[in-house]
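Visitor: Submitted below is the structure of interest, expressed as structure tokens.
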Amino acid sequence: MDSYINPDELHHTSAEHTHDEEGNKMFGFIVFLLSESVIFLSFFAGYAIYKTTTPNWLPAGVSGLEVKEPAINTVILVASSFVIYLAERALQRHNLVKFRLFLLATMAMGTYFLVGQAIEWNGLDFGFTTGVFGGTFYLLTGFHGLHVFTGILLQSIILVRSFIPGNYDTGHFGVNATSLFWHFVDVIWIILFILIYVWQ
């Protein structure tokens, strides 16, 4: 005798499996971010130790770093965290138009930050090999800039995927992970800004 399979139960089981799978993926992604945090924390600790123990910390002829433009870039980058959150909420409401607009705005703000950093680098009077300060400054800001670029790349991928019909009907792991990565990048920059620009 054939057993009857309730379609509703089958759909419920499938939905639970998808939810568990996304939960496992997000857990793995959080572990990845924690490992990235350890790398950044080691850089932060190294910077603080070098700064407090190195005589003539700043290169010859350099009295300090300009704060105004980096501060503006900081405000733009931190504000972009709120914008990508709005994109995430728009997708949850199945509003793809707003999702794309907010995502494009986030990408534009991230690009503005990178361009601002490139302009700052171009105008500095010291290089990567100019003492310990030069090496640590370019290492920290460059490594963070690489993460910002990666975040923009991830956002461009999920933006393109939003044009695939039904792509986000079964889950939003890619979007949620990208948003979390972007928040992580922003928090790291706030710490960097305080270490490098405020603590001079």
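Visitor: Here is a list of conditions, (1) in a loop (DSSP other than H, G, I, E, B); (2) without any contact (Cβ under 8 Å) to a residue 24 or more places away in the chain; (3) of a type outside the set (Lys, Arg), and residue 65 meets all of them except one; can you say which number that is?
Guide: Result: residue 65 fails condition (2) only.
Visitor: Kindly check whether there is at least one residue in the range 128-135 that is out of contact with any Phe, Trp or Tyr (no Cβ under 9 Å at 6 or more places or on another chain), farther than 16 Å from residue 197 by Cα and assigned to a helix (DSSP H, G or I).
Guide: Within the range 128-135, none of the residues are out of contact with any Phe, Trp or Tyr (no Cβ under 9 Å at 6 or more places or on another chain), farther than 16 Å from residue 197 by Cα and assigned to a helix (DSSP H, G or I).
Visitor: Could you please let me know if residue 105 is within 30 Å of residue 46 (Cβ to Cβ) and either surrounded by fewer than 20 Cβ atoms within 10 Å (Cβ to Cβ) or at pLDDT below 95 (or both)? Write out each step before concluding.
Guide: On the way: within 30 Å of residue 46 (Cβ to Cβ): no; either surrounded by fewer than 20 Cβ atoms within 10 Å (Cβ to Cβ) or at pLDDT below 95 (or both): yes.
Answer is no for this residue.
Visitor: Let me ask something else about it. Does residue 174 satisfy the condition of being part of a helix (DSSP H, G or I) and open to solvent by 10 Å² or more (accessible area, probe 1.4 Å)? Step through it out loud before you land on a result.
Guide: Values: part of a helix (DSSP H, G or I): yes; open to solvent by 10 Å² or more (accessible area, probe 1.4 Å): yes.
When the stated conditions are applied, residue 174 passes them.
Visitor: Considering only the range 130-164, state which residues are open to solvent by less than 40 Å² (accessible area, probe 1.4 Å) and aliphatic (A, V, I, L, M). First the steps, then the outcome.
Guide: Applying the first criterion (open to solvent by less than 40 Å² (accessible area, probe 1.4 Å)) to the range 130-164 yields 133-138, 140-142, 144-145, 147-148, 151-152, 155-156, 158-159, 162.
Result: 140, 148, 152, 158, 159.
Visitor: Taking the stated definitions as given, is residue 199 aromatic (Phe, Trp, Tyr), open to solvent by less than 40 Å² (accessible area, probe 1.4 Å) and within 30 Å of residue 139 (Cα to Cα)? Please lay out each step first, then the result.
Guide: Values: aromatic (Phe, Trp, Tyr): yes; open to solvent by less than 40 Å² (accessible area, probe 1.4 Å): no; within 30 Å of residue 139 (Cα to Cα): yes.
In short, no.
Visitor: Still on this structure, please answer the following. Could you tell me which residue of the range 23-55 is surrounded by the most Cβ atoms within 10 Å (Cβ to Cβ), considering only residues that are in contact (Cβ under 8 Å) with a residue 60 or more places away in the chain and more than 22 Å from residue 185 (Cβ to Cβ)?
Guide: 51
Visitor: Spot the failing condition for residue 167; the list is (1) at negative phi; (2) surrounded by 16 or more Cβ atoms within 10 Å (Cβ to Cβ), and only one is missed.
Guide: That leaves (2) as the condition not met.
Visitor: Assess whether residue 59 counts as being farther than 30 Å from residue 22 by Cβ and either of a type in the set (Ser, Thr, Tyr) or not in a helix (DSSP H, G or I) (or both). Walk me through how you get there before you give the answer.
Guide: Numbers: farther than 30 Å from residue 22 by Cβ: yes; either of a type in the set (Ser, Thr, Tyr) or not in a helix (DSSP H, G or I) (or both): yes.
Answer is yes for this residue.
Visitor: It is to be established whether one or more residues within the range 83-92 are more than 19 Å from the chain's Cα centre (by Cα), of a type in the set (Lys, Arg) and open to solvent by 20 Å² or more (accessible area, probe 1.4 Å).
Guide: no
The values are calculated or read from the model by the stated rules, or taken from the named source; none is laboratory data. The model shown is predicted, which means the values in this text are computed figures rather than measured ones. Neighbour counts are summed over all protein chains in view; Cβ atoms, including those assigned to glycine, are modelled from backbone coordinates with ideal geometry. All accessible areas refer to the heavy atoms of the entire protein, side chains included, with ligands and DNA or RNA removed. Shrake-Rupley method; radii C 1.70, N 1.55, O 1.52, S 1.80 Å.
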